[in-house]
Amino acid sequence: MSDYLQYDGARVSRESPLGKELLKWERKPDWTPERNQLPRMLFKASHRPDGKRSVGEVLDSLFGGSTGAAEQWSRRCQLTVYNETELSRALESGWRKTPQEALDLLKAQDNAMENLTAERHYKDARMSEPAQREAAAADQETLKHLPEIPEKPRQRKVLSAEHKAKLAAGRDRAREAKKAAGAA
């Protein structure tokens with residue numbers, strides 16, 4: 001082993017303060033990536049704006065052309081973990097160890113969504129005519145697959161003051177009748 005280190009084109013003594021600091025940053029001679037898995041980058045595939053699956057992009061034109069848009073999108077698809085706990089938590093939440101695994105997972109999720117949508121379309125054929133119209137209208141509102149028709153909130157009927165008064169009078173009569181029946 002040499003008494004000097006190469007740093008920035010110069011020889012630096014191992015005993016000097018700079019040499020001691022440089023040694024802290026040197027890899028150990030027996031270091032291999034197989035034995036030192038962390039820190040590690042994980043990947044999560046996502047759909048680009050044009051609908052294609054991807055893990056990382058470099059063309060800003062795909063994301064509206066603003067500078068750095070592709071890099072920002074790619075950063076959402078990459079995660080660095082520093083210990084085993086972070087690694088297991090990330091793997092449970094959908095991150096994968098390689099870009100290809102991430103793409104395969106997204107493809108499997110897309111296929112599952114497509115199958116659910118196909119099953120819904122099969123069931124739609126056996127629904128009533130108004131329900132079929134509602135399902136067709138929901139499908140027309142989006143380009144994505146809908147495995148379920150979103151429920152539309154029901155509008156409550158607004159009662160007029162006259163109708164509210166009739167209901168209150170009916171309740172009062174029912175209470176009086178109940179009291180009269182209880183007294184008898």
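The values are calculated or read from the model by the stated rules, or taken from the named source; none is laboratory data. Every value quoted in this text rests on a predicted model; they were computed, and no experiment measured them. Virtual Cβ from ideal backbone geometry, glycine too; neighbours counted across all protein chains shown.
Considered as a group, the residues in the stretch 63-80 that are among the polar types (S, T, N, Q) and in a loop (DSSP other than H, G, I, E, B) include one that is surrounded by the fewest Cβ atoms within 10 Å (Cβ to Cβ), and that residue is Thr67. Residues in the stretch 81-100 that are surrounded by 15 or more Cβ atoms within 10 Å (Cβ to Cβ) and either touching a helix residue (DSSP H, G or I) at 6+ places or on another chain (Cβ under 7 Å) or in contact (Cβ under 8 Å) with a residue 24 or more places away in the chain (or both): Val81, Leu87, Ala90, Trp95, Arg96, Lys97, Pro99. Checking each residue in the stretch 48-93 for being more than 25 Å from Ala108 (Cα to Cα) and touching a Pro at 6+ places or on another chain (Cβ under 7 Å) picks out only Tyr82.
Taken over the stretch 8-22, the residue count meeting the criterion of being outside any loop (DSSP other than H, G, I, E, B) and surrounded by 12 or more Cβ atoms within 10 Å (Cβ to Cβ) is 6. Here the condition is being at pLDDT below 90, loosely packed, with under 10 Cβ neighbours inside 10 Å and in contact with a helix residue (DSSP H, G or I) (Cβ under 8 Å, 6 or more places away or on another chain); of Pro130, Pro150, it holds for Pro150 alone. Say whether the condition of being at pLDDT 90 or above and not aromatic (Phe, Trp, Tyr) is met by at least one residue in the stretch 56-70. Within the stretch 56-70, none of the residues are at pLDDT 90 or above and not aromatic (Phe, Trp, Tyr).
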